[in-house]
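To start, the structure under review is shown below, and the notes come after it.
FYI, it's all coordinate maths here, none of it is from the lab. Since this is a predicted model, take the numbers as computed values, not measurements. As a convention, Cβ positions derive from the backbone with ideal geometry for all residues, glycine included, and neighbour counts pool all protein chains shown.
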Amino acid sequence: MSMDTEQIIREYIGKSVHMSLATVSGDQPWVCEVHCAYDDDLNLYFRSSPKRRHSQEIAVNPKVAGNIVRQHALGEDPHGIYYEGTAEMLTTHEQRQAALPFFTKYLGKSDGILEEAQDPNNTQFYKITVNNWYAFGKFGDAENSKRQLVWNGGAK
């Protein structure tokens, strides 16, 4: 069964709530792990403290990259989904409220998180607008491959 790249990405990220997030400050990269959710336009969402290194780096340089990869055993074909894009803190109640259903759907979290985000010192909502998606590995019956989906926030 031949699968198109967008279908591969949607199916794969729908099975995971964990992603790596890479940020940069000057010439020093940083990577961390966050729980994630996504919307129909393949924007990624996460919550984090604005005091965390990655949050502080996003405030200065919003360009990010990362991956969503499930562990595999020796002898199994590795595969995963990678992304590049820009991240932003969602600063208005309306933006956070629009993101809330994705956290509820994928992470089961909703109680009190909107209220918590009203205090700028508490955990905040972040959105990543993905520009490029990549799928590495063997998906369906296809051979191992690298596939790119230029996304630009859904405007293919």
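Enumerate the calculated ³J(HN,Hα) couplings along the stretch 38-44 in order (Karplus 6.51 cos²θ - 1.76 cosθ + 1.60, θ = phi - 60°), each rounded to whole Hz, writing x wherever the residue is Gly or Pro.
8, 10, 5, 8, 6, 7, 9
Can you sort Val150, Val64, Val17 so the residue with the fewest Cβ neighbours within 10 Å comes first?
With the fewest neighbours first, Val150, Val64, Val17 line up as Val150, Val17, Val64.
For every helix of n ≥ 4 consecutive DSSP H residues, a contribution of -39,500 (n - 2.57) applies; sum these over the chain, divide by its total residues, and give [θ] at 222 nm rounded to the nearest 500 deg cm²/dmol.
-7000 deg cm²/dmol
How would you rank Thr23, Thr91, Thr5, going from fewest to most other Cβ atoms within 10 Å of each one's own Cβ?
Numbers: Thr23 25, Thr91 12, Thr5 18.
Arranged by neighbour count, lowest to highest, Thr23, Thr91, Thr5 become Thr91, Thr5, Thr23.
Number of Lys-Lys pairs in the stretch 5-156 under 24 Å by Cα, sequence gap 8 or more or different chains?
Pairs that pass both the separation and distance tests number 18.
May I have the convex hull volume per residue, in Å³, for the Cα set of the stretch 5-154?
Measuring per residue, one finds 119 Å³ for the Cα hull of the stretch 5-154.
To the nearest 20 Debye, how big is the dipole of the chain about its Cα centre, given +1 on the beta carbon of each Lys and Arg and -1 on that of each Asp and Glu? Working shown, then result.
Numbers: 16 positive and 20 negative charges, 41 e Å.
Its charge dipole is roughly 200 debye.
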